[in-house]
Each structure stands twice: as C-alpha cells, then as structure tokens.
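Okay, so here's the structure we're looking at.
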Amino acid sequence: MIKVVKFGGSSLASAQQFSKVGDIIRADETRRFVVPSAPGKRNSKDTKVTDMLYSCYALAEQDQEFKTELRKIKERYTSIINGLNLTLSLEDEFKKIEEQFKAKAGSDYAASRGEYLNGIIMANYLGYEFIDAAEVIFFDENGLFDADKTDKVMSARLSKLENAVVPGFYGSAFDGSIKTFSRGGSDITGSIVSKAVKATVYENWTDVSGCLVADPRIVDNAQPIKVITYRELRELSYMGASVLHEDAIFPVRKAGIPINIKNTNDPTAEGTMIVANTCQKSEYTITGIAGKKGFVAVSIDKDMMNSEIGFCRKALSAFEENGISIEHMPSGIDTMTVFVHQEEFEGKEQQVIGAINRECNPDAIELESDLALIAVVGRGMKSTRGTAGRIFSALAHANINVKMIDQGSSELNIIIGVSNADFENAINAIYEIFVLTKI
C-alpha cells in the first residue's frame, strides 16, 4: 500500500503545524511520498510566503532594493527550522535566490521558491529524500504540462526510493527554466506523484475536514460529505464549490486512484473520499449544493421558432462572435433563454442584441440581470422520486421565485435560477429540506 500525502500552506505555516504534519506522516508507514506547499498564513493578519516572494521579486524586477523583504522571508523559514530544532541552514539557498532575483529569473522562479524551501525543510525533518520538482515535472515548448514525459521520468526516479519529498506547484519549462502551474499548483503535483507511484490513495491534507454539503459561509454547521464521485465533484466545482481544481483531479481520476480530503488539525476525522464510482448511497438524497451570482438571462421570442432550422445556431453565434461564453440554455417551443455572466455581457450587450436581430429577426428580446444559478447535485437523485418537487416546495415555502430550471439527462444535477437577492436564502431552504429534515 502506498499513500501520497499533500499538505496545504495552512498546514505548514509554522513549526507547530509542521510538527502536526510530522506526527500524521509517521503514524502511517504507508505515507511514503510527501508534497508540501509553501508556508501559508499563521493568522488572519499574516501574509503567505508565496505572496511575499511575488512582492519581493517585483522590487527586484524594477531594480529596487529587495534585501529587507528577502530577509523577512528568510526569517519565516528560520522560525520553522528553529522551532523544529533542526541543524539545517538555508543560507546558501537564499544567496542563490538573491542572485537569481538580481538576474531577473522570472516571477515563476520567485513563486516556486516557497515550495522548494519548504520541501528541503520537510525532507530534513522527516529524514526523507528531497527531489526537486524541476527534475521530474516538465512542460513542453508551448508551456503545457507534458504528462507523458513527467510520468516516465518521475516513475523511474521514485521507484528507487522508499520515501521522498517532492515540492508542489512547479516544474521545469522546455528551456530548463522554472515554470509554475497556473491553478491548483500543489494539488496538481500531488496528483501527478500519485499516478507515477501507482498510489493506493492520494491524501490531500488541508484545514477543513473534507468537502461540505454546502458553503459554510452560507449554511451554518454544514455537514461533511463522506463519499463523492468525480462527476459530482466536477459539477459542484464548476458552480463555485472550492475543493480541488479539475487539473488536480484528472491524473488520479484517469488512473483510478481515490482522493481523501483530510484535516491536519483533526487527523482522526474521516474526511471526504473522492472516487470514480461507488455503490454507497449518499447519506442524503443530494450530495451537495453550490452556486454563483452574477448572471444575465437573454430571452429570445419568435413564433414558430421550433420549425426554423438553424435558429439556435444563429442565435448562439451572436454570443460567440462577441467572445461571450454560455452557461445554460433552457428553451421552449417559441422561446429560448441564454444565461451568461453579467460581467462579460454588460460591455457588449448592444452588439449581441444587434447580432441576434440581424441573424434571427426575433419578435422580442428580453434581458433580466442580477440572477444567480444554484446546482443541486447528487447521484441519489436519479433513483429518488420527487426530488425536483421537494426543491420547489422548499423554495416556495421560503417565498423565493424560481426564474429557471434546467436538468441534465444524466439526472445528476438540477440547475435553478433565482435572483441574486434570494441566493443565500435559496441555498439554506434546499439544505434544510434535504439535510436537516432528511425528506
């Protein structure tokens, strides 16, 4: 059994947190490969080391003095080293960083040093081998992640080791320079390492005990999700749930490796298992609720629309030629409604309306702004009668007007449109009827 463990910035923000992480790793000998992030915030007023590095490099790029800022970053690491009673010195590493900053090595290089230095400390603390991610993770000439080369090189390198630390967030560009992942950096590295070593499970340790049924900023004491499929997670992530980015999921999903989201500050909690498929039923009919504000509904009316071949294509081309992406498109016999992001649409609304009029000659075009979309997701919905009815009953009881409903053929999710003002109340109403009352 092989486990890859990735720890987020909050889990490694201080010596005290490092100590917790060390206890977690040593408690299970199958936790053989470790992927650390850069130190995060120690408190709400603190600054992440990655942000400190970006600011420091910005000064260097402008040929301004940056030694004071670099010293502050060094002090963050020194406090961790001293707090763990290590005999490690990063003096040479910081000299090299100073030289590279003066040589304007790039913001990717600067940002990556947070994980790189934390990886050195972690390897020293655990007695594990340190592997520079630049030696085993590669990007091609177009700046895209080279999955095949990375998997081949990393598999060969790690197969010879019993334990290793591979810092997250970065790799090596085609020209040999440092390049970072654009999104979900360290999570992606953990996933790549898991695939390379054919891990039994990829443990992603953070400061929450797994995924929650709803956003805890909206729903008080939102319940955790014990098991969720990759498809369900994708639906929730797309609608704003901040769990793992899709790029971080793809390598392990393809390899059939489950992800376990766990809490560094509560290591005995089960967390959430993210799996390809499961026969386990959800504790509730739904698995999760997520949503986003800030949409516009563009409704196009025309008699006999359904008999006019190519009408939808012509209508949608008006959005495409203006560079506006479409979220949802519910339709009727003589009407179709297109939901788009309000920020994207507002500056181009007249161009879009003009194009629709030219291409489609509609009877009317109506706009409704300040709308929110809510996704109710769950594999259990397909086998449960009356799910949509319960949702609308809950919303009607909360005096919330439904602007739109859209259900995919997979019956995995139901999308509901409401006004921005009703967004939070709608999520609470849906949560209450499925989770609190367990109807």
Can you give me the accessible area per residue for segment 1-47, using a 1.4 Å probe, in Å²? 41 Å²
Under the Debye formula (equal points on every Cα, no solvent term), log10 I(q)/I(0) of segment 105-146 at q = 0.21 Å⁻¹: -0.78
Largest first, please: the extent of the C-alpha atoms of segment 125-169 along each principal axis, to the nearest Å. 37, 19, 10
Using a cut-off of 12 Å between beta-carbons, work out the net charge of the residues near Leu12 (Lys and Arg +1, Asp and Glu -1, Leu12 not included). +4
Local electrostatic count at Ala364 - Lys and Arg +1, Asp and Glu -1, tallied over other residues with Cβ under 11 Å: -4
How far is helix 107-126 tilted off the main Cα axis of the chain, in degrees rounded to 10, range 0 to 90? 60 degrees
On average, how much accessible surface per residue is there in segment 156-308, in Å², for a 1.4 Å probe, leaving out ligands, DNA and RNA? 45 Å²
Per the 1.4 Å probe, what fraction of the accessible area of the chain, in percent, lies on carbon and sulfur atoms? 46 percent
1/(1 + (r/R0)^6) with r = Cβ-Cβ of Ser177 and Asn265, R0 = 35 Å, i.e. FRET efficiency to nearest 0.05, evaluates to 0.45
At a Förster distance of 56 Å, what's the computed FRET efficiency of Lys160 paired with Thr437, Cβ-Cβ distance as r, to 0.05? 0.50
Say each of Asn357 and Asn306 gets a label point 7 Å from the Cα, pointing the same way as Cα to Cβ; how far apart are those two points in nm? 2.9 nm
Which entry is the computed Cα extents along the principal axes in Å for this structure: (i) 77, 51, 42; (ii) 61, 56, 40; (iii) 106, 65, 46? (i)
Isotropic mean projected area of the C-alpha convex hull, segment 217-266 (nm²): 4.4 nm²
Return the distance in nm (one decimal) between the two label points of a simple spin-label model at Asn43 and Glu321, each offset 7 Å from Cα along Cα→Cβ. 5.9 nm
10 Å binning of all Cα-Cα separations within segment 1-44, expressed as whole percents from 0 upward: 29, 51, 18, 2
Add -39500 (n - 2.57) for each DSSP H run of 4 or more in the chain, then divide by its residues: what number comes out at 222 nm, to the nearest 500 deg cm²/dmol? -11500 deg cm²/dmol
Inter-part gap, Cα centre of segment 200-259 to Cα centre of segment 300-355, in whole angstrom, is 33 Å
Which ³J(HN,Hα) values, rounded to whole Hz and listed in residue order, are derived for segment 29-42 from phi using the Karplus coefficients 6.51, -1.76 and 1.60 in 6.51 cos²θ - 1.76 cosθ + 1.60 with θ = phi - 60°, glycine and proline given as x? 5, 7, 7, 9, 10, 10, 10, x, 8, 6, x, x, 6, 7
With r defined as the distance between the Cβ atoms of Asp92 and Asp63 and R0 fixed at 30 Å, what FRET efficiency is calculated, to the nearest 0.05? 0.75
Counting Lys +1, Arg +1, Asp -1, Glu -1, what net charge surrounds Val219 among other residues with beta carbon under 11 Å of its beta carbon? -3
Nitroxide proxy distance, nm - points 7 Å out along Cα→Cβ at Tyr54 and Ala276: 3.6 nm
Loop GluC sites (Glu not before Pro), segment 63-105 (other Cβ atoms within 10 Å of the site Cβ: 12 or fewer; DSSP): Glu65
Compute log10 of I(q)/I(0) for segment 132-283 with the Debye formula, placing one identical point scatterer on every Cα and leaving out solvent, at q = 0.10, 0.21 Å⁻¹, to two decimals. -0.38, -1.34
Using a 1.4 angstrom probe, figure out how much accessible area segment 328-439 has per residue, in square angstrom, rounded to the nearest whole. 49 Å²
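The values are calculated or read from the model by the stated rules, or taken from the named source; none is laboratory data. No experiment lies behind these values; they were computed from the predicted model shown. Don't worry about glycine lacking a Cβ; one is built from the backbone with ideal geometry, like all the others, and counts go over all protein chains shown. For accessibility, only protein heavy atoms count, side chains too; no ligands or nucleic acids. Shrake-Rupley method; radii C 1.70, N 1.55, O 1.52, S 1.80 Å.
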